[in-house]
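**Q** First the structure, then my questions, so here it is.
The values are calculated or read from the model by the stated rules, or taken from the named source; none is laboratory data. It should be emphasised that the depicted structure is a prediction, and the values quoted were computed from it without experimental measurement. Here the Cβ is made from the backbone with ideal geometry for all residues, glycine too, and neighbour counts use every protein chain on show. Quick note on the areas: whole protein, heavy atoms, side chains included, nothing else; ligands and nucleic acids left out. Shrake-Rupley method; radii C 1.70, N 1.55, O 1.52, S 1.80 Å.
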Amino acid sequence: MPEWKKLPLSLAELCIDTTLRCGQSFRWRRINDEWHCVLQGKLISLKQDPTHLHYKLASPRKLPTSERKSAEDDCVLSLLNRYFVLSQSLSNMYQQWAASDANFARRATAFAGIRILNQDAWETLVSFICSSNNNISRITQMVQKLCVHYGPYVGDIEGEKFHDFPRPEALAGSGVESHLRELGFGYRARFIAETARIVSTDRPAGWLHGLRNPDCPALEISNNKLEDTETKTDTKPPTYRAAHEALLELPGVGPKVSDCVCLMGLGWWESVPVDTHVWQIAQRDYGFGKGVKTKTLNKAMYDAVGDHFRKIWGPQAGYAQSVLFTANLKSFAEQAAGKTEAAKEEVSVAEVEVKPEESKSDISTTASVRTKKRKAVTVEAAVIKAEEENGVEAGGRRTRSTKRAKISG
DNA sequence: ATTCCTCCTTGGAG
DNA sequence: ACTCCAAGGAGGA
């Protein structure tokens, strides 16, 4: 039996119990207060106490000599550092967001230690294609089915089998769509099969990885050696906008799913996925949607919400968004209400001032969406329009006919 | 060319 | 039983 290794880490820097079940990754399973998942072919186990994160390789394949064993431990540690991006100080970021936004300060009190996971881009892509018009528990079941039926088996824990996530080629077969429909994927079956075929066949090797943010802290180590094998096709460094647009070409990928992949799979932390929860938050806490004509989330509103959050939270807005997203989930309602002993008193103190000043701005778009060239939307509140010159340039628009043409062809 | 509306699968919750 | 909702997107009007 392998021994646990430990890493000094506070719950404010990482809380796996919240981070691993807030709808980012759908493969971690908790058994007896220990978390297990296959990452890069390795079955990894985690547990946490207030001062340390404990980790181990759940089932090493060979009898480890002491040398090999310590090498494997180093490998797991490096993997965890990249997966959780532990080089980044989370409490510092929380402090900055709380200082610039009273609502964040209030909501985040009971939700410390939530990190954006630096996940595999392909897994993130497929997982969030599954997420459309869906709920977290069923997404989890669907991802599990993908692993069981198409992913490589790695090992057992407590009688439960663990598989890795399948590679694109494994999901690109001809019978995949009908099989996934039998497995209850609904209309997403075609999206997954088709996207797998495009990524594995139509796109060059390393295409998805090439959309990564080269400045993401998770890449600091491996970025020095820009390997010649598959990255020499592209000379210009990718941008968030370019990555976002490139993903939109794939079937089942719209603006929201694309932003999820950018944020959680490609290291673009300025990406703000606006889903039903974030739209609720934007309306309830940030004055969006007060206009008569703007109760529904249209494209202009989608962009305005993301731009607003980037304005108040800065270039890691998507990271901050995930904290409020988690605090808004029904499955975390008890935690949000401060039922945990740790957060109880702090929340009751902060509960006094419920209305932040920002709420009075009543952000709503006027119906005059005079889209001439790239002026996306006219916004009444001056809060938004200030960022026009702020460098968030909207790149060349990709029309939908282009996307359809790519799919059918 | 852009925007808006409806439909798409499934299953759990109210 | 029935409607609504869940980390939305595609296709047509």
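**Q** Within region A:192-214, track down each residue that is without any contact (Cβ under 8 Å) to a residue 12 or more places away in the chain and acidic (Asp, Glu).
**A** Initial filter on region A:192-214 (without any contact (Cβ under 8 Å) to a residue 12 or more places away in the chain): A:202-203, A:207.
Passing the criteria: only A:202.
**Q** A follow-up question, please. Working only within region A:142-167, note down all residues that are under 20 Å from the mean Cα position of the chain (by Cα) and in contact (Cβ under 8 Å) with a residue 24 or more places away in the chain. Give the steps one after another, and end with the answer.
**A** Of all residues in region A:142-167, those under 20 Å from the mean Cα position of the chain (by Cα) come to A:142-144, A:146-147, A:164-167.
Within region A:142-167, A:142, A:143, A:144, A:146, A:147, A:164, A:165, A:167 meet the criteria.
**Q** Also, quick follow-up: Regarding region A:108-126, can at least one residue be identified that is within 16 Å of DNA strand B (Cβ to nearest atom) and of a type outside the set (Phe, Trp, Tyr)? First the steps, then the outcome.
**A** Looking only at region A:108-126, we keep the residues that are within 16 Å of DNA strand B (Cβ to nearest atom), and these are A:126.
This time we only want the ones that are of a type outside the set (Phe, Trp, Tyr), so: A:126.
Yes, region A:108-126 has at least one match.
**Q** Of all residues in region A:4-61, which are surrounded by 19 or more Cβ atoms within 10 Å (Cβ to Cβ), touching a strand residue (DSSP E or B) at 6+ places or on another chain (Cβ under 9 Å) and assigned to a helix (DSSP H, G or I)?
**A** A:16 - this is the single residue of region A:4-61 that is surrounded by 19 or more Cβ atoms within 10 Å (Cβ to Cβ), touching a strand residue (DSSP E or B) at 6+ places or on another chain (Cβ under 9 Å) and assigned to a helix (DSSP H, G or I).
**Q** Which residue pairs have Cβ atoms closer than 7 Å, lie 6 or more positions apart in sequence or on different chains, and pair a first residue in region A:249-271 that is buried (at least 23 other Cβ atoms within 10 Å of the Cβ) with a second residue that is basic (Lys, Arg)?
**A** Final answer for the pair search is A:266/A:212; A:267/A:212.
**Q** Test residue A:132 against the stated conditions and say whether it is of a type in the set (Gly, Ala, Ser) and either touching a Phe, Trp or Tyr at 6+ places or on another chain (Cβ under 7 Å) or within 16 Å of DNA strand C (Cβ to nearest atom) (or both).
**A** yes
**Q** So which pairs qualify, if the first residue must be in region A:173-191 and closer than 19 Å to residue A:122 by Cβ and basic (Lys, Arg), the second must be within 12 Å of DNA strand C (Cβ to nearest atom) and open to solvent by less than 70 Å² (accessible area, probe 1.4 Å), the Cβ gap must be under 7 Å, and the two must be at least 6 apart or on different chains?
**A** A:188/A:129; A:188/A:130; A:188/A:132; A:188/A:252
**Q** Still on this model: Select, from A:88, A:96, the only residue that is open to solvent by 10 Å² or more (accessible area, probe 1.4 Å) and farther than 21 Å from residue A:281 by Cβ.
**A** Details: A:96 fails: farther than 21 Å from residue A:281 by Cβ.
Going through A:88, A:96 in turn, just one is open to solvent by 10 Å² or more (accessible area, probe 1.4 Å) and farther than 21 Å from residue A:281 by Cβ: A:88.
**Q** Need the failing condition index for residue A:148 against (1) hydrophobic (A, V, I, L, M, F, W, C); (2) surrounded by fewer than 15 Cβ atoms within 10 Å (Cβ to Cβ); (3) in a loop (DSSP other than H, G, I, E, B), just the number.
**A** (3)
**Q** How many residues are part of a loop (DSSP other than H, G, I, E, B), small (Gly, Ala, Ser) and closer than 25 Å to residue A:208 by Cβ if we restrict to region A:264-299?
**A** 2
This table checks each residue for (1) of a type in the set (Gly, Ala, Ser); (2) within 22 Å of residue A:130 (Cβ to Cβ); (3) at pLDDT 95 or above.
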| position | (1), (2), (3) |
| --- | --- |
| A:18 | no, yes, yes |
| A:24 | no, yes, yes |
| A:30 | no, yes, yes |
| A:36 | no, yes, yes |
| A:44 | no, no, yes |
| A:52 | no, no, yes |
| A:62 | no, no, no |
| A:69 | no, no, no |
